[in-house]
1. Do we find a residue being touching a residue at least 60 places away in the same chain (Cβ under 8 Å), buried (at least 19 other Cβ atoms within 10 Å of the Cβ) and part of a strand (DSSP E or B) anywhere in the stretch 256-275?
2. Given the criterion over 23 Å from PRO221 (Cβ atoms) and either in contact with a Pro (Cβ under 9 Å, 6 or more places away or on another chain) or at pLDDT 75 or above (or both), identify the matching residue among ALA49, ALA87.
3. Pairs only if they're at least six apart or on different chains, beta carbon under 6 angstrom, first in the stretch 278-300 and open to solvent by 90 Å² or more (accessible area, probe 1.4 Å), second more than 14 Å from ligand 2 (Cβ to nearest atom) and part of a loop (DSSP other than H, G, I, E, B); list them, first residue then second.
4. If you take the residues of the stretch 95-116 that are assigned to a loop (DSSP other than H, G, I, E, B) and at pLDDT 90 or above, which of them is surrounded by the fewest Cβ atoms within 10 Å (Cβ to Cβ)?
5. Scan the strands (runs of 3 or more DSSP E) fully inside the stretch 135-253 and keep the ones with 2 or more residues being surrounded by fewer than 21 Cβ atoms within 10 Å (Cβ to Cβ).
6. Across the stretch 252-305, which residue is nearest to LEU234 (Cα to Cα) among those that are charged (D, E, K, R) and within 16 Å of ligand 2 (Cβ to nearest atom)?
Amino acid sequence: MPIPDPRDTLSHALPDQAGGDQFHLAGARAVIATMHGKERVIAPLLTEALGLDCVVPGAFDTDRFGTFTREIERTGTQLDAARAKIAAAFEHEPHTRVAIASEGSFGPHPWIPFAPLGRELVLLVDRQTGLEITGHDATIDTHFAHRVVDGPAAAFAFAERMQFPEHGLIVMGCRGDQPAPDIALWKGIVAADALDRAVREAVARCGAAFIETDMRAHFNPTRMQAIERATVDLVRRFRSRCPACAYPGFDVTERVPGLPCEWCGEPTQVIKAEVLSCAACGHRVARSVAERPTADPGLCNQCNP
Ligand SMILES: [Zn+2]
Ligand SMILES: [Zn+2]
């Protein structure tokens with residue numbers, strides 16, 4: 001079953017038309033569990049593509065689920081964190097059918113040395129049907145970086161590379177070369193004079209300042225774009241229905257290596273197929289993904305050990 005390109009799907013901009021479909025969400029009230037302006041990218045997409053009526057709860061504090069600035073350590077997986085936000089949003093808005101939450105994580109790339117990897121997850125839960133759908137984005141274009149600086153000159157050099165002030169910065173105290181937000185912490189810095197003051201103050205107190213990119217979405221347009229891509233992915237998965245039972249979210253769950261080598265015919269680690277499966281009924285469809293019938297011998301353990 002072919003999955004259309006997400007952007008093509010969205011360009012039609014029509015809410016799903018499906019009479020009698022229990023998963024049909026047009027007109028349903030949806031609460032977006034966010035407080036960092038993420039609704040600016042999430043709400044228009046979900047309104048346009050799924051017909052949801054999106055609201056943002058007033059006075060909803062998502063920082064208690066963990067922050068990027070280390071005051072509150074996040075526990076559990078990204079999905080756990082998003083589910084906790086959704087549970088809190090439903091509690092906050094008891095008459096709402098749908099809730100949406102987003103969760104980002106930033107850290108070292110698993111196999112590219114020195115590259116940070118940013119992962120965004122957007123989760124939609126429909127409590128009328130129990131449906132849970134995720135959308136994902138992973139990118140090395142993260143704007144996630146930090147530096148220990150000895151004064152404003154070094155701080156401004158870093159700031160320029162980080163596209164300040166379009167992207168906000170955080171300045172903290174320092175212990176050795178480790179961040180010490182307990183000594184001093186300034187978040188959401190978007191003005192040169194504020195950056196200058198914070199760095200001078202931290203250096204006066206600690207001998208150096210720890211400066212890093214503010215990863216909260218409203219201070220980080222690069223991250224906002226990643227959340228938008230994850231939302232597009234969520235819509236794509238929502239629209240991909242199981243051919244057997246019509247449950248949403250029919251998508252790739254497995255990639256199968258073993259494309260035969262062009263020279264010796266032995267199976268290689270090159271992916272030959274992917275398997276799509278249904279979370280509700282377990283229906284599976286395998287489809288070939290290889291562009292050629294055989295793999296490059298350069299990727300074969302027999303021919304190029
Ligand atoms: Zn199914
Ligand atoms: Zn071979």
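1. no
2. None of the other options fit; the residue is ALA87.
3. Once the first residue is open to solvent by 90 Å² or more (accessible area, probe 1.4 Å) and sits in the stretch 278-300, its partners that are more than 14 Å from ligand 2 (Cβ to nearest atom) and part of a loop (DSSP other than H, G, I, E, B) give ALA279/GLY249.
4. HIS95
5. Output list reads 146-149, 178-189.
6. The residue in question is LYS272.
The values are calculated or read from the model by the stated rules, or taken from the named source; none is laboratory data. Every value quoted in this text rests on a predicted model; they were computed, and no experiment measured them. Methodologically, a virtual Cβ is constructed for each residue, glycine included, from the backbone with ideal geometry; neighbour enumeration extends over all protein chains shown. Heads up: the accessible areas ignore ligands, DNA and RNA and are worked out on the full protein's heavy atoms, side chains in. Shrake-Rupley method; radii C 1.70, N 1.55, O 1.52, S 1.80 Å.
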